[in-house]
1. Do any helices (runs of 4 or more DSSP H) entirely within the range 3-75 hold 2 or more residues that are crowded, with 22+ Cβ neighbours inside 10 Å, and if so, which?
2. Quick one: is ALA26 away from ligand 1 (no atom under 16 Å from the Cβ), of a type in the set (Gly, Ala, Ser) and under 19 Å from the mean Cα position of the chain (by Cα)?
3. Could you grab me the full set of residues in the range 184-211 that are in a loop (DSSP other than H, G, I, E, B) and either in contact with a Leu (Cβ under 6 Å, 6 or more places away or on another chain) or modelled with pLDDT of 95 or more (or both)?
4. Taking the condition under 17 Å from TYR39 (Cβ atoms), small (Gly, Ala, Ser) and modelled with pLDDT of 95 or more, does ALA104 pass?
5. Among the residues of the range 146-154, is there at least one that is away from ligand 1 (no atom under 12 Å from the Cβ), assigned to a helix (DSSP H, G or I) and under 25 Å from PRO71 (Cα atoms)?
6. Yes or no: the range 160-182 includes at least one residue that is within 12 Å of ligand 1 (Cβ to nearest atom), farther than 24 Å from ARG105 by Cα and of a type outside the set (Lys, Arg).
7. Here is a list of conditions, (1) closer than 19 Å to THR35 by Cα; (2) buried (at least 16 other Cβ atoms within 10 Å of the Cβ); (3) modelled with pLDDT under 95, and ARG172 meets all of them except one; can you say which number that is?
Amino acid sequence: MPSPQVITIDGPAASGKSSIARLVAARLGGIYVNTGNMYRAMTWAVLEKGADPADADAVRASAAEVVLESPVYEGRTQVCVNGQLLGDAELNSDPVNRAVSLVARVPEVRRRLVAEQRALAALGLLVMEGRDIGSVVFPESPAKFYIDASEEVRAARRRAQGHQDQVAERDRLDSTRTTSPLVIPDGAMVIDNSHLTLDQAVQAVLDKLPA
Ligand code: CDP
Ligand code: CDP
């Protein structure tokens, strides 16, 4: 089997996906792609334009005007909106946390970001994490993972990061939306890391990679 070009990592909010994906990418010399940040950047731009995130038509119209780029810096993609590089303050703000799952359920927004994500494969080995990477973006990848953790553990992990985040509500919206809901992708290896340290969870992924 050829070595995988994209390792896909999906799972619910605060399960540990980003931390695990970042460390797996560093160990393998691949590029880490946080697709949640692409949906967050789009949400930030939609809110900046004053659009109501619950109004799909308004989201569609304002998202269509956004120029989104994903430059690679220090082994990971960044998100740039209309020429402005966004950081943690914009991407993880309370308003973005509250609105992102509403923006992410709009099919036109998803189509556009999925195309961007597929184009990144030209850069080389990717470790890409999100909600639909193994099910929709790269379903042919032989290295698909679903990272889980109990709801209590996930809520505690997010609290420890100091973020106000309605994790359970976001998961409900992400799992029940019509377009590309959060699912365990066919053929994905499931790792429940509720009781694993970060290093153990990274090792569990590395151990299960196809040779
Ligand atoms: O880090 P956390 O798991 O809390 O969320 P995230 O990965 O930053 O994703 C933020 C939101 O973007 C999710 O709650 C989904 O609504 C959306 N998302 C998506 O729909 N599809 C993806 N591939 C990635 C994120
Ligand atoms: O990307 P996602 O929202 O799924 O989760 P994350 O931001 O990678 O992880 C949330 C927090 O849980 C981070 O502070 C991680 O360091 C921590 N974590 C942990 O303590 N033990 C693990 N096995 C996995 C993550």
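The values are calculated or read from the model by the stated rules, or taken from the named source; none is laboratory data. These numbers come from a predicted model, not from an experiment. Cβ coordinates were reconstructed from backbone atoms using ideal geometry, including for glycine residues, and neighbour counts include every protein chain displayed.
1. Qualifying helices (runs of 4 or more DSSP H): 17-28, 35-48.
2. On the way: away from ligand 1 (no atom under 16 Å from the Cβ): yes; of a type in the set (Gly, Ala, Ser): yes; under 19 Å from the mean Cα position of the chain (by Cα): yes.
Against the criterion (away from ligand 1 (no atom under 16 Å from the Cβ), of a type in the set (Gly, Ala, Ser) and under 19 Å from the mean Cα position of the chain (by Cα)), ALA26 qualifies.
3. Initially, the range 184-211 is screened for residues in a loop (DSSP other than H, G, I, E, B), giving 184-188, 193-197, 209-211.
Passing the criteria: ILE184, PRO185, ASP186, GLY187, ALA188, ASN193, SER194, HIS195, LEU196, THR197, LEU209.
4. Working: under 17 Å from TYR39 (Cβ atoms): yes; small (Gly, Ala, Ser): yes; modelled with pLDDT of 95 or more: yes.
The answer is yes for ALA104.
5. no
6. Yes - at least one qualifying residue is present in the range 160-182.
7. (2)
Results for (1) away from ligand 2 (no atom under 14 Å from the Cβ); (2) more than 21 Å from ARG22 (Cβ to Cβ); (3) crowded, with 17+ Cβ neighbours inside 10 Å; (4) touching a residue at least 12 places away in the same chain (Cβ under 8 Å), shown as yes or no for each residue.
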{"residue": "VAL103", "(1), (2), (3), (4)": "yes, yes, yes, yes"}
{"residue": "ARG110", "(1), (2), (3), (4)": "yes, yes, yes, yes"}
{"residue": "ALA115", "(1), (2), (3), (4)": "yes, yes, no, no"}
{"residue": "GLY124", "(1), (2), (3), (4)": "yes, no, no, yes"}
{"residue": "MET128", "(1), (2), (3), (4)": "no, no, yes, yes"}
{"residue": "ARG131", "(1), (2), (3), (4)": "no, no, yes, yes"}
{"residue": "PRO139", "(1), (2), (3), (4)": "yes, yes, no, yes"}
{"residue": "TYR146", "(1), (2), (3), (4)": "no, no, yes, yes"}
{"residue": "ALA149", "(1), (2), (3), (4)": "no, no, yes, yes"}
